[in-house]
Amino acid sequence: MRNLKRALSLTLASVMLLGMMVIGTSAVAGYSDVDADDNVEAIEVLQAIEVMVGDDRGFGPDRPVNRAEMAVVMGLLLNLDYNYYVSTCPFADVSGNYEWARGWVGACAANGIVSGRGEGIYDPGATVTAIEAASMMMRALGYFKYAEDYNDGFVLVTVRQGNQIGLFNGVGSDGSTPMTRNQVAQMALNALRSEMVDFTGTLGVELNGVKVNYRAEYTSRTSTEKKYNAIEGRTSDVASDANHKGQYYVQLGEELYNGELRLNNSDLDCFQRPSRTWEYKGEQIGTYMKKELLRQEYTEKVTGKMLYELLTKETIDRYDFVITVDGETEKEVLNPKEDVNYGYFTKNNLIRTNTEAVGATGKGVLTQVFVDHDKKAITITSIHTYLAQAQSDYNEKKGTLSLKVFKDDANGTAKTVDVEEVPGIENYKKDDYVLVNWAEIGSKSGTYGKFEVVKIANPEISEDRKLTKYSEENYIVSDGTQYDYGFDGVQKNDLGEYTNDLLKNHTYSLYFDQYGYLAGVVEFSGAVYVLFGQNIGTCITAVMASFGTSRDAKRATCVHLLFNVIGTVLFTVVVMVFPLTEFIAALVHEPMAQIAVMHVFFNLATTIILFPFGDALAGLAARILPDTSKEDREESGGMRLAYLTPIP
């Protein structure tokens with residue numbers, strides 16, 4: 001019956017609801033429909049510069065983008081004056097339902113970003129493909145100034161040039177499939193990081209209507225202005241052009257946003273993973289793990305042999321090696337003593353014959369392997385997930401949530417989470433169970449444990465489960481299925497209180513981490529959640545039976561209802577303050593018997609408590625349902641029920 005206190009606080013409102021409602025996980029990028037598998041970095045950057053934002057439906061990452069919408073994206077990206085081009089848009093079909101896009105399409109056409117289908121047709125309702133979107137992006141960069149650039153074919157030329165500058169990186173779309181908003185955002189971010197170019201080829205001459213000696217060549221634009229050091233910070237090393245050597249290459253994002261959109265491309269996130277950090281106008285947008293460097297990830301035991309085969313001996317020998325556990329990297333902290341190790345290991349553990357787990361890897365631990373060939377560096381991170389319980393409701397005034405994080409045992413570690421650091425905690429209530437990741441914030445003198453919670457999510461919950469077998473350190477069995485504990489699974493000692501025979505008479509709530517492993521097992525008390533409320537609910541029979549009866553009969557029904565309402569309020573307070581449910585659980589082990597005992601106890605205790613106040617209840621009922629006329633008083637033959645008449 002543990003965890004009954006919070007549930008009973010729902011009392012009347014939840015009495016008829018036997019189902020469980022689980023709060024959704026925190027929104028990513030501020031949108032409920034965006035998750036970690038989407039291009040979060042691109043979505044948040046494009047949102048910050050107000051090029052792609054969501055609406056009351058969310059961001060719509062999977063919604064396809066049509067050609068009219070694509071023109072709006074390009075117009076916003078390039079800050080084009082769309083109002084000026086409403087009357088000059090050259091495409092007659094951008095009208096009617098697409099009148100709203102007319103200025104944007106006209107602006108893009110005037111600036112050479114779009115050219116339509118031909119014969120004055122733009123086809124605004126058609127979905128845009130990756131080839132079409134890439135062509136628009138590259139025209140914004142300065143490519144494809146002349147029709148002769150497409151002599152080898154529109155698709156071939158676009159794909160070839162797009163691959164060369166990395167425009168399709170992370171987009172995940174083929175040439176013909178309609179692009180989604182998620183994919184367009186990623187391509188737009190790639191364009192912002194790409195170098196602008198100028199035409200340096202040969203225009204050729206036109207002979208008999210045919211242009212000859214045309215040579216397509218585009219050269220990256222450079223400048224000495226500091227604002228062009230805002231994103232990539234790369235400088236020209238072209239030896240053949242001494243006038244430009246050492247100058248900054250100009251990225252589209254630098255040109256468009258005057259150096260106010262900035263990128264730190266050599267950052268680390270809170271888990272010490274290779275990352276990059278974006279900011280706009282001095283405000284940080286976010287820090288994002290470099291997915292392109294991620295070689296492999298695991299959520300189970302990782303052996304030295306597995307890493308040896310993944311990385312190869314040559315790479316292991318030649319590259320620098322960093323190991324991090326929940327953001328901690330120092331050996332003296334992770335391995336302070338010979339017999340104390342919190343997950344530290346070295347290159348020496350990465351050998352073909354080592355079939356043992358390395359570091360703090362295991363079931364439910366996210367282990368990620370990053371390889372940076374440019375910096376010749378290997379980074380292996382282990383991120384643990386812990387079960388935690390809210391110690392109080394979210395404090396709206398302070399913007400904080402108090403948690404007990406269950407690490408190593410069920411005693412827990414107290415942590416306070418700030419909504420400004422971890423958004424999405426506002427809906428949590430006292431005794432809610434959550435999953436948390438935390439990261440090391442700095443240790444002194446080899447002290448391990450200075451952590452701050454950096455992420456909160458909801459566990460998957462399976463309630464009222466009978467267990468037939470268990471191992472305190474490894475697994476439980478329910479309905480014939482074995483569920484393994486995660487590396488950091490806790491509260492398993494709750495099962496140790498019972499023998500296997502007694503275990504069969506209890507039901508449990510199973511809490512799973514995001515990888516499907518048990519994070520915790522707690523005795524289930526859902527069957528008694530509705531107990532007190534049911535006492536009120538049963539009054540509906542008496543209320544309905546009193547319809548059309550005398551005033552005194554209605555008063556009897558009122559006393560019956562008052563009895564149960566007052567009893568429910570009293571018992572709710574008692575259960576929240578005193579361990580009543582634990583006392584009942586100690587008396588009987590059978591769940592159904594526990595409910596029966598609590599029901600009997602409720603009625604006996606309420607009767608004893610309210611018996612001295614019988615006259616007051618009768619008086620209250622009379623005040624609620626006073627006599628209204630002589631006929632009402634005579635309706636029962638001038639008689640009154642003695643137990644309803646206050647003693648004079």
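The values are calculated or read from the model by the stated rules, or taken from the named source; none is laboratory data. As the structure is a prediction and not an experimental result, all values here were calculated from the model. All Cβ positions, even for glycine, are placed from backbone atoms using ideal geometry, and neighbour counts span all protein chains on display. For the accessible areas, the whole protein counts, side chains as well, though only heavy atoms, and no ligand, DNA or RNA atoms are used. Shrake-Rupley method; radii C 1.70, N 1.55, O 1.52, S 1.80 Å.
Can you pick out the pairs among Lys145/Lys376; Lys363/Lys466; Lys337/Lys415; Lys227/Lys347; Lys313/Lys337 whose Cα atoms lie more than 31 Å from each other? In this structure, Lys145/Lys376; Lys227/Lys347 lie more than 31 Å apart at Cα. Karplus-based coupling profile of segment 307-312, in residue order and whole Hz: 6, 4, 6, 6, 8, 6, with θ = phi - 60° in 6.51 cos²θ - 1.76 cosθ + 1.60 and x standing for Gly or Pro. Within the accessible surface of segment 235-369, defined with a 1.4 Å probe on protein heavy atoms only, the carbon and sulfur portion equals 41 percent.
Out of the total accessible area of segment 70-213 (probe 1.4 Å, heavy atoms of protein only), what percent is carbon and sulfur? Roughly 49 percent, rounded to a whole number. Close amide H contacts of Val454 (hydrogens built in the peptide plane, cut-off under 5 Å, sequence separation of 5 or more or a different chain): Asn437, Trp438, Ala439. Between Asn111 and Leu310, the FRET efficiency estimated from the beta carbon spacing at R0 = 30 angstrom works out to 0.05. Put a plus charge on the Cβ of each Lys and Arg, a minus charge on the Cβ of each Asp and Glu, and nothing anywhere else: the dipole of segment 289-369 about its Cα centre is then about 300 debye. Per residue, segment 247-329 exposes 47 Å² of accessible surface when a 1.4 Å probe is rolled over the protein heavy atoms with every protein chain present.
Across all Cα pairs in segment 89-173, the calculated P(r) in 10 Å bins from zero up to the longest distance comes to 16, 47, 30, 7 percent per bin.
Its Kirkwood hydrodynamic radius, worked out from the mean inverse distance over all distinct Cα pairs, puts segment 209-300 at 16.0 Å. FRET efficiency for the Leu207 to Tyr150 pair, using the beta carbon distance and R₀ = 22 Å, is estimated at 0.65.
Picking from Thr129, Gly142, Val114, whose Cα lies most toward the positive end of the charge dipole for segment 108-177 (charges on Cβ: Lys, Arg +1; Asp, Glu -1)? Of the listed residues, the answer is Gly142.
Eigen-decomposition of the gyration tensor built on the alpha-carbon atoms of segment 298-454 gives equivalent ellipsoid semi-axes of 34, 16, 15 angstrom, largest listed first. Distance between the modelled labels on Asn411 and Arg57, one decimal in nanometres: 5.4 nm (7 Å Cα→Cβ projection). Annotation: for a label point projected 7 angstrom from Cα along Cα→Cβ of Glu225, residues of segment 257-284 with backbone N closer than 17 Å are 257-263, 281. Can you tell me the FRET efficiency between Asp267 and Arg623 if r is taken as the Cβ-Cβ distance and R0 is 45 Å, rounded to the nearest 0.05? My answer for the efficiency is 0.05. All other residues whose Cβ lies under 13 angstrom from that of Arg139 are scored, Lys and Arg at +1 and Asp and Glu at -1, for a net of -1. Label sites at Glu472 and Arg215, each approximated as a point 7 angstrom past Cα along Cα to Cβ, lie 8.1 nm apart.
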